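What follows is one structure encoded as structure tokens, with my remarks underneath.
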Amino acid sequence: MGCFLLAKNLKYYYMPKPDAAKKAVILAIAVYTLIFGALTLWKYFNFAYNAMDLAIINQVFYHSSLGNLFGSSIHAPTYLGDHFSPILLLLLPIYLLYKSPITLLLLQTVILALSAWPLYLITKKLLSQPWAAAVSLIWLLNPFVQNINLFEFSFLPLAVFFIFWSFYFYQDKNFWPFVALIGLALLAREDVALVTMTFGFLAVLEKRKLKWSLTPIILSVAYFILSLKITALFADAGQYKFLVYYSWLGSTPLTFIQNALLKPWLIISHLAQLPTLEFILAALLPFAFLPLVKPKNLILGSAILAQLALGSAGLSATLLYMHYASLFLPALFISLIYGLDYIINQGETTKSTILRLIRQEKKMAALLFFITVIYASLTLGPLPGSVNQLAQNGLKWTQTEAKKELIKKIPPQAKVAATYDFLANLSSRPDLYSFNYAFLGQRQFLSEDYQLPADTEYLLIDYKNLISYQLQYQQNPFYQQHYQTALAGWAKTLDGFGLIALNDTLALYQKGAENQYNLVTLLPSRPKIEMAFDIVISQELEFLGYNQLKNNHYQLFWQPLKITTVPYRFQLSLWQDGKKVKEKIYPLGYDILAPGLWPIDQIVQTDYWFSADKTLSAGDYQVTINLVAIIKGGLDINGIRSAEDTIDQLETLAEPIALGEITVE
């Protein structure tokens, strides 16, 4: 009965009359879909979905399309150990039309765009049609909506779409469609219950009938508990795996609550940080802080805000660059609508000086409001970063073609382990493994030991990710000890594999194949070195010189002086007419020889085949290298909302060493 009423109501509300405001909203939805659909494809074809979510979820869809529902090899054996998202089953028929991450990216874009429509309907009940259209446009311009769209794939935008419809029917006091939409929202992910539950609290504040408060609370709490129990059944540790984010409060949910209640200073000190203030200010800026005018509806985001705030990392503006703040958006937008309604229609007797001034200068206030919306979109959203990336690198980036060529060498059903950049583009296959777990020798959150399956056939490695692993793990106290152990032993993973293709830092290994390239060679005595230097880099290492061969192939020779203690890197720079035109950091010896494993009684030869950047014009470029050590850094989110290595402190260990010239043709 509820589904029938829902269908009947949606049929009516989805058939807008062709007036100017509705046409504007429909046009804006179409334009947004085209722009962000194109941007997601551009990002995907350039291997820039490197934060794993798209790869993981697409592979779950792929497994499910083969009958192995919720199956996963990246987080084996099932996605149910991560999240409970039965909405996948409803989306599977769409995915079957084209089994690719592209389907998910375009689906997410369409859902985010269409979310403007229920917002239009919600606003129209309180304000004029032009204002309703304006709020829809504000949604499409919102930087956090755009960040969600361009970051990775998530089920959460589907939940947001259904939550908006839930509120529409809540606002309309249409109970059964309201309950049905809450049910659909819950199917997206277990933590959606933290939003749908708060509809009950809102109903209490508004003194509605008991069914409006009890139904969403009971339904949401029951679903939440059931979901956590289901994920615990499949999780490595036998409990909901993301409880690890709250381990600073205790080892079990009961101790979380006890410490939160009995030791409130722990919560206060955790929240009383500058990043918390940055998050709050950044979250409110695109709304010109108007949700605070009528904050009652912010209760819809209260539990989600607590979920984010109490995580080990706390609140920070970085969360707004990803999808983690998705479920906070309904509360912000609904509060914005009611704030506008109060200012425009109900604020005659307000005692607030600011609100009186806004009402007196409506045109100027409206202008400043929309300037703020656009400013926030351009400063907090991904469009400027995307334009900049397009201007610098064009439609096809430097290593895109090389990555495609390496993937072409791998049979479609072969079993592959790959580093971050390759995962999404390889994820439409049954057997795919993320190399970071093989490197670390641990599953996610160190839940148990991990090694690649013995029948893995290919390794596709971007050696720059060895630097990513250092930034991700070395300075994180949770992973620090395991990183040092992993660095010493990860290269054993390469045993039995032959390096069959190489392009700069991109390497493809095949099991049982002959090595076509030697990256690191141990020499018992000093070989012939064309350009000998004998430069002492540090107390631990001496640079003996180099040989320059064809195809930008360099042999670099090193003499360990004592046991090495740090993972060395070198910074390659290309110069033309005295100006630096390119810079890239490489792991010295590809991290195949870890600190402590450089033999004092032997010469170490490291071979590199440097590739030319396609953005460089033809000509000769001078080459220099600096040996460096990374002191401080981490992984960050860049302008196109991809994960990016960020080095905050780099120690230069010696003067730049000239390595002759290379030619770009």
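What follows is calculated from the coordinates using simple rules that are stated; it is not laboratory data. In this text the structure is predicted, and so the values were computed from the model without any measurement. Virtual Cβ from ideal backbone geometry, glycine too; neighbours counted across all protein chains shown.
Note on the stretch 612-649 and the stretch 520-537: Cα centroid distance 27 Å, given to the nearest whole angstrom. Placing dummy labels 7 Å off each Cα toward the beta-carbon, the span from LEU92 to SER316 is 3.8 nm. Between the listed residues ASN547, ILE74, PRO286, the Cα displaced farthest toward the positive end of the dipole of the chain, a dipole computed from Cβ unit charges relative to the Cα centre, is found at PRO286. In the set (1) 109, 59, 44; (2) 87, 55, 53; (3) 86, 74, 46, the label that goes with Cα extents along the principal axes in Å computed for this structure is (2).
3J(HN,Hα) along the stretch 412-429, derived from phi through the Karplus expression 6.51 cos²θ - 1.76 cosθ + 1.60 where θ = phi - 60°, amounts to x, 9, 5, 8, 10, 10, 9, 7, 3, 4, 8, 4, 4, 6, 9, 7, 8, 7 Hz, with x in place of Gly and Pro.
Ordering MET197, MET52, MET364, MET531 by the number of other Cβ atoms within 10 Å of each residue's own Cβ, fewest first, gives MET364, MET531, MET52, MET197. Among the chymotrypsin sites (Phe, Trp or Tyr not before Pro) found in the stretch 53-159, those both in a DSSP coil and sparsely packed, with 12 or fewer other Cβ atoms within 10 Å of their Cβ, are TYR98. If the segment from GLN413 to GLN480 were pulled out straight at 0.36 nm per residue, it would be longer than the present Cα-Cα gap by 20.6 nm. Along the chain, the longest continuous region that contains none of the trypsin sites (Lys or Arg not before Pro) in a DSSP loop with at most 12 other C-beta atoms within 10 Å is 352-527.
With a simple spin-label model that places each label point 7 Å from the Cα along the Cα-to-Cβ direction, the separation between ILE225 and ASN552 comes to 6.1 nm.
Averaging Cα coordinates gives a centre for the stretch 378-397 and one for the stretch 77-147; these two points are 23 Å apart.
Of the GluC sites (Glu not before Pro) found in the stretch 495-593, those that fall in a DSSP loop while having at most 13 other beta-carbon atoms within 10 Å are GLU514, GLU530. At an R0 of 41 angstrom, the distance between the Cβ atoms of ALA232 and LEU355 translates into a FRET efficiency of 0.25. For the chain, the relative contact order is 12 percent, taking Cα pairs closer than 8 Å that sit 6 or more residues apart in sequence and dividing their mean separation by the residue count.
Can you work out the FRET efficiency for the pair THR255 and LEU205, with r the C-beta to C-beta distance and R0 = 41 Å, to the nearest 0.05? Computed FRET efficiency for THR255 and LEU205: 0.85. The order of LEU635, LEU460, going from fewest to most other C-beta atoms within 10 Å of their C-beta, is LEU635, LEU460.
Measuring nothing but how far apart in sequence close Cα pairs (under 8 Å, 6+ apart) lie, relative to its length, the stretch 169-243 scores a relative contact order of 24 percent. Listed by chain and number, the lysines placed with their C-alpha closer than 27 angstrom to that of LYS294 are LYS22, LYS124, LYS125, LYS173, LYS207, LYS209, LYS211, LYS351, LYS362, LYS363; residues fewer than eight positions away on the same chain are left out. Evaluated with a Cβ-only charge set (Lys, Arg +1; Asp, Glu -1), the stretch 400-511 carries a dipole of roughly 140 debye about its Cα centre, given to the nearest 20.
Between ALA629 and GLN451, the simple label model (points 7 Å from Cα in the Cβ direction) yields a spacing of 3.2 nm.
On the beta carbon distance between ALA76 and LEU277, with R0 = 41 Å, the FRET formula returns roughly 0.50. Only one residue of VAL604, LEU627, PRO177 has its Cα farthest out toward the positive end of the dipole of the chain, where Lys and Arg carry +1 and Asp and Glu -1 on Cβ, and that residue is PRO177. Counting beta carbons within 10 Å around each of THR215, THR646 and listing the fewest first gives the order THR646, THR215. The distance from the alpha carbon centre of the stretch 211-257 to that of the stretch 293-338 is 19 Å, rounded to a whole number. Placing unit charges on the Cβ atoms only, positive for Lys and Arg and negative for Asp and Glu, gives the chain a dipole magnitude near 3280 debye about its Cα centre. For the stretch 400-511, the equivalent ellipsoid derived from the Cα gyration tensor has semi-axes of 23, 15, 13 Å, listed largest first.
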